[in-house]
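Worksheet for the structure shown next.
Laboratory data are not the source of any read-out in this text; all were calculated from the coordinates shown. The structure presented is a predicted model; accordingly, all values stated were derived computationally and were not measured. Neighbour counts run over all protein chains shown; Cβ positions are idealised from the backbone, glycine included.
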Amino acid sequence: MVGGGYIGLEVAEALRNLGKRVLLFEMMPHVLPTTFDEDMAKLIHDELIKNGVELHLNEKVVGFRGVNGHVNKVITEKGEYNIDKVVMGVGVKPDVDLAVKAGARLGETGAVWVNEYMETSVPNVYAAGDVAETWSLITGKRMYVALAPPANKMGQVAGANAVKGRFLKFPGVLGTAVTKVFSLYVARTGLTERQAREEGFKPVSTTIKARTTAHYYPGGVQVNIKMIIDESSGRVLGVQVIGPDKIIAGYIDVAAALIGKGATIDDFFFADLSYSPPTAPIWHPLITAARVLSKGKY
């Protein structure tokens, strides 16, 4: 498996479930390099290794060899490996040929440039979904995010405006995503700590461990939460959550809703989230993370 992104991890799991030996190559120091920080990715590494995936990190694939059209060897910067099959999962590229032929402008990301109404640079021509650029709700900068939820919303905006004329605006995205890696659910939204630093913020983060139920209630599991804030403003820039329960998706959705509205750690701490021993501790894990980042304010 070449590539340690979402597709690479899902394919690796599927192949292991079929009883195949799996070698996963990622040229960056950790899997999910554009969406998770290295400290959180380490939890995913442990889960992959526990389930028999052979990780080859910091190892760039540079070529293949084979006979009669069948690849039987992968070549990296560090060596050669005998294999039976190769699956490539090295990213997504927008297919812009039709847009270019129509005279539409491409954006700085290489995807089709659109405005908030999903209008291209060509009058009465709209673009939406994985072919189109969007922008960050945090920085306002142009970005390319090939995910189904924003693609569908962009399509809704484009369709409504094509019929009614500048009727809806698309606000932008956070890149919220969740996937499953063997027994772990991994989710993220907003900026990673590295991305926040690159964007000129002064990020401060905390990583906590919390339970999904009250400590005395049976059936709860431990989750790991990383929250990143801008030190000067207290604005929450990103959240990453990993744990063996589907409730992870709920945590990241709450975080995304708050971050999308520019929430600070005060907003997170005072969020009126529900409590019941079977469903959450009295201090919700997201509130606990904000409390830790407050440095004794709460």
**OP:** Compute the distribution of all C-alpha to C-alpha distances in the stretch 97-164, in bins of 10 Å from 0, and list the percent of pairs in each, rounded to whole numbers.
**Re:** 23, 56, 20, 0
Original post:
For VAL239, VAL254, VAL74, what's the fewest-to-most ordering of other Cβ within 10 Å of each Cβ?
Top reply: VAL254, VAL74, VAL239
Original post:
If you rank LYS164, LYS226 by fewest surrounding Cβ atoms within 10 Å, what's the result?
Top reply: LYS164, LYS226
Subject >> Rough spin-label spacing in nm, given labels placed 7 Å along Cα→Cβ, for VAL122 and ALA148 >> reply: 2.9 nm
Original post:
What aspartates and glutamates could a cross-link reach from LYS226, if we take a straight Cα to Cα line under 19 Å and drop same-chain neighbours fewer than 8 places away?
Top reply: ASP37, GLU38, ASP39, ASP46, GLU47, GLU193, GLU198, GLU199, ASP245, ASP253, ASP266, ASP267
Original post:
Treating the beta-carbon of each Lys and Arg as +1 and of each Asp and Glu as -1, no other charges, what is the dipole magnitude of the chain about its Cα centre, to the nearest 20 debye?
Top reply: 180 debye
Original post:
Counting only Cα, what are the radius of gyration and maximum Cα-Cα distance Dmax of the stretch 28-127, in Å?
Top reply: 20.0, 54
Original post:
What are the semi-axes of the equivalent ellipsoid for the stretch 70-112, taken as the square roots of 5 times the Cα gyration tensor eigenvalues, largest first, in whole Å?
Top reply: 37, 12, 7
Original post:
Cα-based count: Lys pairs in the stretch 42-96 below 17 Å, eight or more positions apart or different chains?
Top reply: 4
Original post:
In µm²/s, what is D for the stretch 239-298 at 4 °C and 1.567 mPa s, where D = kT/(6 pi eta Rh) by Stokes-Einstein and Rh is the Kirkwood radius from Cα pairs?
Top reply: 107 µm²/s
**OP:** Would you list the P(r) distribution for the chain, with all Cα-Cα distances sorted into 5 Å bins from 0 and each bin expressed as a whole %?
**Re:** 1, 5, 10, 13, 14, 14, 13, 12, 9, 5, 2, 1, 0, 0
Original post:
What percent of all Cα-Cα pairs in the stretch 175-243 falls in each 10 Å bin, counting up from 0?
Top reply: 21, 41, 28, 10, 1
**OP:** Give me the distance between the Cα centres of the stretch 1-35 and the stretch 175-252, rounded to whole Å.
**Re:** 21 Å
Original post:
Tell me, what is the Rg over Rh of the stretch 177-293, with Rh the Kirkwood radius over Cα pairs?
Top reply: 0.96
